[in-house]
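The structure appears below as structure tokens.
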Amino acid sequence: MCLQSSMLNRKSGPACVSFLSRDRKDYIAVKEKFAKYLPHSAGRYQVKRFRKAMCPIVERLVCSLMMHGRNNGKKLMAVRIVKHSFEIIYLLTGENPLQILVNAIINSGPREDSTRIGRAGTVRRQAVDVSPLRRVNQAIWMLCTGSREAAFRNIKTIAECLADELINAAKGSSNSHAIKKKDELERVAKSNR
């Protein structure tokens with residue numbers, strides 16, 4: 001089923017979001033009932049264990065932008081940032097911003113990570129596979145962190161930085177903070193196999 005672009009006021013053609021990866025399709029809520037006009041559902045997604053996978057992916061991006069004490073609770077500001085960045089993405093690429101967001105999340109989620117094993121004095125790192133939900137969570141977190149760091153003490157607005165981060169991550173470019181962090185995590189995990 002095709003959706004209209006919900007974050008843009010103008011019609012940008014049918015927003016048929018396709019998934020390159022099947023394992024994260026269940027954890028990226030974009031289609032049917034998750035297509036909201038406004039990314040503010042006031043849902044209680046933290047009550048049960050895997051319920052946050054049902055939260056619309058744009059709303060998860062908005063909520064993760066509300067970090068660092070001075071931005072806590074300012075959801076209207078975060079919605080405005082995401083809306084502007086989606087408009088910038090549409091102007092720069094001509095593609096559906098939701099598709100760019102989904103591709104960025106799929107590309108920037110690490111496949112392998114390392115965990116600490118051992119107790120008391122001796123601790124060593126062991127490489128482990130990352131679950132699909134955690135891959136989505138880490139990808140969203142790294143995309144937001146990268147755009148926030150790029151906008152800090154910079155003339156570019158955070159909406160422009162978020163748009164650049166999403167476009168670069170969707171392409172798989174190493175200019176993206178999220179892609180760099182993903183490669184670093186996977187490199188460390190490979191050395192700890």
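Laid out as a table, the results:
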quantity: Residue among Ala78, Ala120 that is out of contact with any Lys or Arg (no Cβ under 8 Å at 6 or more places or on another chain) and surrounded by 16 or more Cβ atoms within 10 Å (Cβ to Cβ); calculated: Ala78
quantity: Within segment 36-57, considering residues that are hydrophobic (A, V, I, L, M, F, W, C) and over 13 Å from Asn137 (Cβ atoms), the one nearest to the chain's Cα centre (by Cα); calculated: Met54
quantity: Where a residue in segment 135-158 is within 13 Å of Lys182 (Cα to Cα) and its partner, wherever it lies, is acidic (Asp, Glu), with Cβ under 7 Å and at least six apart; calculated: Leu143/Glu165; Gly146/Glu165
quantity: Residue ID - nearest to the chain's Cα centre (by Cα), chosen from residues in segment 22-35 that are at pLDDT 75 or above and part of a loop (DSSP other than H, G, I, E, B); calculated: Ile28
quantity: Long-range neighbours under 8 Å by Cβ, at least six apart or interchain, first residue touching a residue at least 12 places away in the same chain (Cβ under 8 Å) and under 22 Å from Cys16 (Cα atoms) within segment 35-53, second of a type in the set (S, T, N, Q) and surrounded by 10 or more Cβ atoms within 10 Å (Cβ to Cβ); calculated: Ala35/Ser6; Lys36/Ser6; Tyr37/Ser6
quantity: Boolean, Ser131 is of a type in the set (Ser, Thr, Tyr) and in contact (Cβ under 8 Å) with a residue 24 or more places away in the chain; calculated: no
quantity: Any hit, segment 82-99, residues being under 29 Å from Ala189 (Cα atoms) and more than 10 Å from the chain's Cα centre (by Cα); calculated: no
quantity: Verdict on Ser6 being surrounded by 11 or more Cβ atoms within 10 Å (Cβ to Cβ), in a loop (DSSP other than H, G, I, E, B), at pLDDT 80 or above and of a type in the set (Gly, Ala, Ser); calculated: no
quantity: Given (1) outside any helix (DSSP H, G or I); (2) closer than 15 Å to Pro97 by Cβ, number of the condition Arg49 does not satisfy; calculated: (2)
quantity: Qualifying positions in segment 146-193 - among the polar types (S, T, N, Q), surrounded by fewer than 21 Cβ atoms within 10 Å (Cβ to Cβ) and part of a loop (DSSP other than H, G, I, E, B); calculated: Asn154, Thr157, Ser173, Ser174, Asn175, Asn192
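The values are calculated or read from the model by the stated rules, or taken from the named source; none is laboratory data. Because the structure is a prediction, the values reported are computed rather than measured. Every residue, glycine as well, gets a Cβ built from its backbone with ideal geometry; the counts of neighbours run over all protein chains shown.
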